[in-house]
Amino acid sequence: MSRADDPRSVPVDGDRLREFRHTVNLTQEEAASRAGYTERLIRKLERGGPVQLQTVKDVLEAYGRLSPEIGEVPLTELLRNRNSRPPAELVHEWFERVYNQRDLSAIDELMHSDVVLIAEGETRQGREMIRQRVSAILAAFDPLQIWVENVIGGPDYAVAHWYVEKKHIGDFLGIAATNKEVTLRGSSFAKYANDQIIEARDHWDVQDLVQKLTGNPSKPV
């Protein structure tokens, strides 16, 4: 079966696939070359997908895991159940617990260990990087309250449009505390697997915030 013949995308056990790669002493780049894919796709696999079933088969074959001599791995053992709750519901929980309740422990529960976030023109990977970003936001703005105004979602993703009110009490983007109360609107995209965020993008107007805090629309250097 060719890759194009199998359009189904499924969440997978990325941790186990990573263990298989380590067993055969391959880097992600080497694994990608052997399987005939990009390194980016191998990273996606190890974050839990979702990916096409044929992709999983090709990677298992590259790792020798479809060989009876080594120990064939049933494909079903690597497929994870889809989200048990709608992503639209999960994204509400993210904003409420992490920002409104300031519960940083929720990051470990609601985000995959290798989550990738693109925000403020930067790419961050891993829970610790996300924790640092959230901590910086919460330290700079208190009180801070986010309302999710509407959510568009599917089986494995959600797009939330939100509104935030916050008071600037600490350094943020190189701007010292102004004690100004500001409001912003933005949106967030989140892709889910097994009730955890595996990829996310935040979209909001950085220059608008800078202008509201300083009167100057340019981002500080």
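The values are calculated or read from the model by the stated rules, or taken from the named source; none is laboratory data. In this text, all values refer to a predicted model and were calculated from it rather than measured experimentally. For neighbour counting, all protein chains shown are included, and Cβ atoms are generated from backbone atoms with ideal geometry for every residue, glycine included.
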Reported set for region 23-63 where residues are buried (at least 17 other Cβ atoms within 10 Å of the Cβ), in contact (Cβ under 8 Å) with a residue 24 or more places away in the chain and outside any helix (DSSP H, G or I) is L26, R47, G48, G49, P50, V51, Q52, Y63
In region 173-182, anything free of Cβ contacts under 8 Å to residues at least 24 places away in the same chain and of a type outside the set (D, E, K, R) is listed as A176, N179
Could you look through region 114-146, keep only residues that are surrounded by 13 or more Cβ atoms within 10 Å (Cβ to Cβ) and free of Cβ contacts under 8 Å to residues at least 24 places away in the same chain, and pick out the one that is nearest to R40 (Cα to Cα)? Q125
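Test of understanding: among A4, A32, which residue is farther than 24 Å from G153 by Cα, modelled with pLDDT of 90 or more and touching a helix residue (DSSP H, G or I) at 6+ places or on another chain (Cβ under 9 Å)? Outline the logic, then answer.
On the way: A4 fails: modelled with pLDDT of 90 or more.
Step by step, each of A4, A32 is checked, and only A32 is farther than 24 Å from G153 by Cα, modelled with pLDDT of 90 or more and touching a helix residue (DSSP H, G or I) at 6+ places or on another chain (Cβ under 9 Å).
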Tell me which of these D202 doesn't satisfy, since it passes every other one: (1) assigned to a strand (DSSP E or B); (2) over 30 Å from D15 (Cβ atoms). (2)
